[in-house]
Every structure is written in structure tokens, then in C-alpha cells.
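The values are calculated or read from the model by the stated rules, or taken from the named source; none is laboratory data. Bear in mind the structure is a predicted one, so any value in this text is a computation, not a measurement. Please note: Cβ atoms are built from the backbone with ideal geometry, for glycine as well, and neighbour counts cover all protein chains shown. Please note that ligands, DNA and RNA were not included when accessible areas were found on the heavy atoms of the full protein model with its side chains. Shrake-Rupley method; radii C 1.70, N 1.55, O 1.52, S 1.80 Å.
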Amino acid sequence: MGFEGEKREEEEGVRMANDFFWSYTDEPHASRRRQILSQYPQIKHLFGPDPFAFLKISGVVLLQLWTATFLHDATWFKILIVAYFFGSFLNHNLFLAIHELSHNLAFSTPTYNRWLGIFANLPIGVPMSVTFQKYHLEHHRFQGVDGIDMDIPSQTEAHVVKNVLAKSIWVILQLFFYAFRPLFLKPKPPGVWEFINFTIQLYLDGAMVYFWGWKSLAYLILSTFVGGGMHPMAGHFISEHYVFKPEQETYSYYGPLNLMTWSVGYHNEHHDFPRIPGSKLYKVKEIAPEYYENLDAYKSWSQVIYMYIMDRTVGPFSRMKRKLSTKANKSE
């Protein structure tokens, strides 16, 4: 990989970067996908929807909505504790279910996936499933491309978040940055599906308040907020593409939380084969181990968060960027 490091000055090895990593090659996944498929064409048999996605999503949605109604008269302290240690796992699971649905991995018909995404969105409290798909597919097609991939922090974030305290606050609020960054830097006009998503979510939130009170709705939103901040599940936001090793821009996680996160930890495998559902991504590594065993990977998302905060050389600038290539990746 060609990359530039002149601006990544270090002082005794502990100075934080003052620019992104810049690559002058295409993102690595399209070429690796071609190589793997030429050697292991049977991987194509893994393509296609997860037949159990609807049932898994429905179970989590119903459990979380029931929990919200159960807590309608609980103390605020109890609501916060349950939100952090229970609801956060459910809502983050649904956020990653929406990620799965953005790749049409529940049904063969895209419209059915959109409707299921809107349903999965309900306990999250804030309408986001339709908008997420628009930006996320660009993240795959144009990984790291300056001005297009909104997964990458803004210049403002990177210049402000320069020390342990700032990074800690950034991690706590990272879900807000993740959600609002594209709306400010690359806004897209809303369409009919965004309107449907917004309207259904608004009715659900209103019904929750009308029948069970504000505490029930607060529990849902708190579950989303704390689950996307200083929380083990949220470690994947950092582990996936933050560069701890300049030669590698995507990292996988092979730990137990994959069971609750649609195996999003298999992130190299996911970017190599976005048409394979999370439930089958482990098979990619089993079939073609030589393509993944030599890549750096993680076993703990909590450790990734700790490393990100405490490592004085790592911060929002620790991402790989590239200019738009004439050979855009058409993986979706």
C-alpha cells in the first residue's frame, strides 16, 4: 500500500498525528474479493439473505418494547442501570440489524428489507434506518474516499480531539458524531422512505408516551445513547477502520460479542463480501484462512476503546483516506 506520512510528525514517539493517513492505492477489499473467489468459488454459495433475520429482529424489538413499558414507573436510577446493562445491548443489536438490512440480507426484495429496517428502528427511538442505508453503502463503495465516506471524522473533530479527556468525551458522544456528521458535511435530500421512517417512529414514540409515560421513551433513547458511547458494544465503531498499524485500514474482531452484533466483528470478511450475512461470515475465514490469519485483529472491543483513549499517537486522524478513483468499487 502506498501512503504518505510526512505530516504525521512525532515527538519522541508520542505526538498525535496532525493529518490523516493518505493512500494512493484502491481500497483493499475489491481486489482481495476477486482473488478469493478465483481460488474458492464455493464462497458464492454463502451469498443471500439470512432466513432467520426476521425472527431474530422481531424477538429483540418485542423484548425491548416490553421492557420499556415495564419500567414506566421505575426510578430514574433503575432506568439508567437497566438501560446500560441490558437495553443498550438490545438497541445496539438492532442498530447492527439495520446495518445488515442495508445490505438486503433478510429478504431478496429490497423493499421488504426497508420495511423490516423501519420496524427494527422502533426501540431505538430516533428515525435513522433509511438514512443510514444511503450513507453506509457509500462507505462500502468509496471506502476512505475524501468527501464521500462519511464514516471518517471531520477535520474539526480531528483538530479538537487531541488528548485523553477530549477523546473520552468524543467516545461518549461518538454516536452523535456518527449520526450528525453526514447531515452537516454531505446532506442528502430526504425522500419518501425517510418520511415513512420518520412518521412511523414519531407515532411509536408518541404512543409510548401517551400510554406509558415519558420514562418508557426515555429508557429507549437512553439505551441507544449509552450503548453507542463508552460501552463494549460500541468498540466496533473504532476497531473497524481506525488505523493502529499503517499497513492495514480494516480490522476484524474475533470475540464473543459477535454473537450479539450480527458478527459485524468479522469486518474484513464483511467488506470483502458484503452480500454474505453475518451469520455466515465466519465461514469465509474458515474457507480462505490464509487471507485473514496474517491480518491484525482484536479479541476485545473494550480494549480497543482503552487503546484509542490512552494511546497518545491515536485519534480521529487515525483513518486512511484516498482521493476518488476512476475505478470506484461497485461491491453493492
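Here is how the numbers come out for the structure above:
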item: Residues of the range 284-308 that turn out to be in contact (Cβ under 8 Å) with a residue 40 or more places away in the chain, over 17 Å from Val243 (Cβ atoms) and out of contact with any helix residue (DSSP H, G or I) (no Cβ under 8 Å at 6 or more places or on another chain), as a count; result: 1
item: Filtered residue count, the range 24-63, keeping only those that are small (Gly, Ala, Ser) and open to solvent by 90 Å² or more (accessible area, probe 1.4 Å); result: 1
item: Residue ID - surrounded by the most Cβ atoms within 10 Å (Cβ to Cβ), chosen from residues in the range 208-247 that are out of contact with any strand residue (DSSP E or B) (no Cβ under 9 Å at 6 or more places or on another chain) and part of a loop (DSSP other than H, G, I, E, B); result: Gly228
item: Within the range 311-332, considering residues that are open to solvent by 10 Å² or more (accessible area, probe 1.4 Å) and hydrophobic (A, V, I, L, M, F, W, C), the one modelled with the lowest pLDDT; result: Ala328
item: Selected residue (criterion: nearest to Phe52 (Cα to Cα)) from residues of the range 267-279 that are out of contact with any Lys or Arg (no Cβ under 7 Å at 6 or more places or on another chain) and assigned to a loop (DSSP other than H, G, I, E, B); result: Pro277
item: Among (1) touching a helix residue (DSSP H, G or I) at 6+ places or on another chain (Cβ under 6 Å); (2) open to solvent by 20 Å² or more (accessible area, probe 1.4 Å); (3) not in a helix (DSSP H, G or I), the one test that Gln133 misses; result: (3)
item: Any hit, the range 100-109, residues being closer than 30 Å to Asn18 by Cβ and within 16 Å of the chain's Cα centre (by Cα); result: no
item: The range 134-186, residues that are among the aromatic types (Phe, Trp, Tyr) and under 30 Å from Arg275 (Cα atoms); result: Tyr135, Phe142, Phe176, Phe177, Tyr178, Phe180, Phe184
item: Where Gln143 falls short, out of the listed (1) closer than 20 Å to Gly213 by Cα; (2) assigned to a loop (DSSP other than H, G, I, E, B); result: (1)
item: Residues satisfying the stated conditions in the range 72-93, i.e. farther than 20 Å from Gly229 by Cβ and open to solvent by less than 30 Å² (accessible area, probe 1.4 Å); result: Ala74
item: Flag for Met1 being touching a Pro at 6+ places or on another chain (Cβ under 8 Å), aliphatic (A, V, I, L, M) and at pLDDT below 95; result: yes
item: Hits in the range 248-283 (condition: open to solvent by 20 Å² or more (accessible area, probe 1.4 Å), of a type in the set (A, V, I, L, M, F, W, C) and in contact (Cβ under 8 Å) with a residue 60 or more places away in the chain); result: Met260, Trp262
item: The range 189-207, subset open to solvent by less than 30 Å² (accessible area, probe 1.4 Å) and polar (S, T, N, Q), residue nearest to Val126 (Cα to Cα); result: Gln201
item: Enumeration of residues in the range 155-188 that are outside any helix (DSSP H, G or I) and open to solvent by less than 20 Å² (accessible area, probe 1.4 Å); result: Val161
item: Residues located in the range 273-291, provided they are among the small types (Gly, Ala, Ser) and over 21 Å from the mean Cα position of the chain (by Cα); result: Ala288
